[in-house]
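Student: Handing you a structure now.
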Amino acid sequence: MVGDRELNQAVAVLRTGGLVAFPTETVYGLGADASNAAAVRKIFEVKGRPATHPLIVHLADAVQLANWAREVPEAARRLTRKFWPGPLTVILRRARGVSDVVTGSQDTVALRVPSHPVALQLLARFGGGVAAPSANRHGRVSATMAEHVRREFGAAVDCVLDGGETQIGIESTIIDCSGAGATLLRPGWITRRDIEAALGTSLAVPPADAPRAPGTLAAHYAPRTPLALVEGERAAELAGERARQGRRVAVLALSARRPPLEGLEWITAPRDAVGYAHALYASLRRLDDSACETIIVEQPPQGPEWAAINDRLARAAAGASAPEAT
Ligand code: TXA
Ligand code: MG
């Protein structure tokens, strides 16, 4: 539980340029005072994140938009009215005075009002913007529990607010509203269809020179253990073949049934997209910690509600040396 004392302590840490990890409804964030460049630099240091990869500024309410964005186009107004507080990030042209450290020197800034009560209380008491990426080392799996953050960063983070497991489990949908029209930069809990319904138009496909978004790099959201995406029952077959060779294999299954063999680290994931997303990162972390040589993930279905999950899994698999899987 996060009480008054913890919240006040966290606000004091932010005010003095420290780092506070806090729960949002998507994943945990690693926050610093967005108006304090030295504090924001610490985020990049402890994450090992390249300075050119911009951060999301978290706000207590949409009224503060004017402090951070120099214009708020109609599309952004509609989306923020409909989805804030919630798992939506909008990219807008930045207001004067927004630090280059936060934006990676771009002319735009990412903004979000989260809905998690602890995040909202922290932001309301602090009063300003809190720059926060997901609370994980650069390129790795996001944190959905306070314990993940503590294990990953230890004393490098001054304060961790423990709000229990995050509800959604994957990162916010990112919509770029800084140019003409709206562009989907990162799929999330709020689907393309939800966004299009709110806008009354279709979303643009990102142009080739779209703003840099590291979350959209191929290899990201990855465990240390190589991860392979494998269709259906083939996941269990492949795992079985490996296990019979005496190799340790981890499996995140969906429909595949566990072969009765030693040496398999096995998790059966929830079969609905909501449950799957909620459990995904904790499952990947557990399998990653099990000292296996490969994590085999059974490919989830392709429906729209699975789009964000499939996006994260494809990135987690990219760069991994896949076994002779398909
Ligand atoms: O759910 C979330 O969005 C979580 C919670 C903590 O709010 N945050 C999160 O932050 O996922 P991060 O830093 O891991 O991912 C933010 C993404 C990155 O891919 C970054 O490149 C992109 O947002 N981004 C930030 N500012 C941008 C900008 N000005 N233009 C384009 N992309 C931007
Ligand atoms: Mg991240």
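The values are calculated or read from the model by the stated rules, or taken from the named source; none is laboratory data. Here the structure is a predicted model, which means the values were calculated and not measured. Cβ atoms come from the backbone with ideal geometry, glycine included; neighbour counts cover every protein chain shown. Side chains are part of the model used for accessible areas, which takes the heavy atoms of the whole protein and leaves out ligands, DNA and RNA. Shrake-Rupley method; radii C 1.70, N 1.55, O 1.52, S 1.80 Å.
Student: What is the log10 of I(q)/I(0) for the range 2-142, computed with the Debye formula using one identical point scatterer on each Cα and no solvent, at q = 0.12, 0.20 Å⁻¹?
Tutor: -0.42, -1.23
Student: Find out how many positive minus negative residues lie around Met1, taking Lys and Arg as positive, Asp and Glu as negative, among other residues whose Cβ is under 14 Å from that of Met1.
Tutor: After counting each charged neighbour, the total is -3.
Student: Classify the range 90-143 as rounded, prolate or oblate, taking a ≥ b ≥ c as the square roots of the eigenvalues of its Cα gyration tensor: rounded when a/c is under 1.5, otherwise prolate if a/b is larger than b/c and oblate if not. Could the numbers behind the result be given before it?
Tutor: Numbers: a/c = 2.11, a/b = 1.15, b/c = 1.84.
Judged from the Cα gyration tensor, the range 90-143 comes out oblate (a/c at least 1.5, b/c at or above a/b).
Student: Assign unit charges at the C-beta atoms only (+1 for Lys and Arg, -1 for Asp and Glu), then state the dipole size of the range 109-180 relative to its Cα centre in Debye, rounded to the nearest 20.
Tutor: Dipole of the range 109-180, to the nearest 20 debye: 100 debye.
Student: May I pose another question? Sum up the charges of everything whose Cβ sits under 15 Å from the Cβ of Leu199, counting Lys and Arg as +1 and Asp and Glu as -1, but leave Leu199 out.
Tutor: Details: positive: Arg77, Arg78, Arg81, Lys82, Arg192, Arg193; negative: Glu74, Asp176, Asp194, Glu196.
So the environment of Leu199 carries a net charge of +2.
Student: Continuing with this model, one more query. What is the magnitude of the charge dipole of the chain about its Cα centre, with +1 placed on the Cβ of each Lys and Arg, -1 on the Cβ of each Asp and Glu, and no other charges, expressed in debye to the nearest 20?
Tutor: 480 debye
Student: Now a separate question. Of all DSSP beta bridges in the range 21-138, what percent run antiparallel (nearest 5)?
Tutor: 80 percent
Student: How would you rank 241-252, 132-143, highest first, on the average number of other Cβ atoms within 10 Å across their residues? Each step should come with its number before you reach the end.
Tutor: Working: 241-252: 18.2, 132-143: 23.1.
The peptides rank, most packed first, as 132-143, 241-252.
Student: Which Cα, out of Pro223, Ile56, Ala291, lies furthest along the positive dipole direction of the chain (beta carbon charges, K/R +1, D/E -1)?
Tutor: Highest projection toward the positive end goes to Ile56.
Student: Taking only protein heavy atoms and a 1.4 Å probe, what accessible area per residue, in Å², does the chain have with all protein chains in place? Present the calculation step by step, with values, prior to reporting the outcome.
Tutor: Numbers: 13670 Å² over 326 residues.
Ligands and nucleic acids excluded, the figure is 42 Å² per residue.
Student: Using the alpha-carbon atoms, what tilt in degrees (0 to 90, nearest 10) does helix 117-126 show relative to the longest principal axis of the chain?
Tutor: Approximately 30 degrees, to the nearest ten.
Student: Among DSSP beta bridges lying fully in the chain, give the percent that are antiparallel, nearest 5. Before the final figure, lay out the partial values.
Tutor: Working: 17 of 40 bridges.
Beta bridges within the chain, antiparallel portion: roughly 45 percent.
Student: Taking +1 at the Cβ of each Lys and Arg and -1 at the Cβ of each Asp and Glu, which of Pro300, Thr191, Leu14 sits farthest along the dipole of the chain towards its positive end, judged by Cα position relative to the Cα centre?
Tutor: Leu14
Student: Same structure again: Calculate the dipole size of the range 44-139 relative to its Cα centre from +1 charges on Lys and Arg beta carbons and -1 charges on Asp and Glu beta carbons; express the result in debye to the nearest 20.
Tutor: 160 debye
Student: Determine the share of the chain's accessible area contributed by carbon and sulfur atoms, expressed in whole percent, with a 1.4 angstrom probe.
Tutor: About 51 percent, which is the carbon plus sulfur part of the accessible surface.
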